[in-house]
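As structure tokens, the structure follows; a few thoughts come after it.
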Amino acid sequence: MKALNKEADERLLVEAAQRDPAHFAALYQRNVYQVYAYVAVRVSSREEAEDITSEVFHHALANIKHFEWRGAPFAAWLIRIAANAITDRWRVKAREVGNPVAEAAKDPRMEGIEQHAALFQLVGRLPEDQCRVIIARFVEQKSIREIAHELHRTEGAVKQLQFRALERLRADMEAANG
């Protein structure tokens, strides 16, 4: 039931953004970490990940009126845009060094886009402290010590938050996959 409400909320946000692009900010806030995480593990630097993430949201905002529901979360559409942006970057880099881009440059993990989107939605459902730790640790790639300092907690407390979050994510993923 909670998943249906979340999907309905997301649908309302998309429809609002389609009517008035000023409402796109809510979709950005809801999905930016998911897109950044997807991009960050596929590019060579934090700066490049930030640039591509920015491109994804500029493209999505420009094309929000063309978005159609097809049974996948909105994040899956954003991830698809990100995958295309990464592939475009690879092509540009290949041309710069004089190497043709092989068809193999296509991301073989594209088949798992919906799984990635589902995982990031599950992260968003974690309690606030656990969510902050997971994002800081795995998206922003911060150390336990850095996170503890930011949250004004001990390193042991941060490790415990991370452990509980990962256990909950594992259980939620297993439940979702049957």
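Every number here is computed from the coordinates shown, using simple stated rules; none is lab data. These numbers were taken from a predicted model, which means no experiment stands behind them. Note that each Cβ is placed from the backbone with ideal geometry, even for glycine, and that neighbours are counted across all protein chains shown.
Numerical summary
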{"read-out": "Theoretical FRET efficiency, 1/(1+(r/R0)^6), r = Cβ-Cβ of L151 and R11, R0 30 Å, to 0.05", "value": "0.35"}
{"read-out": "K142 long-range amide H proximity, modeled H, under 5 Å", "value": "R137"}
{"read-out": "Loop sites in the range 1-92: GluC sites (Glu not before Pro), DSSP, at most 10 other Cβ within 10 Å", "value": "E68"}
{"read-out": "Estimated inter-spin distance, K65 and E47, nm [label 7 Å along Cα→Cβ]", "value": "3.6"}
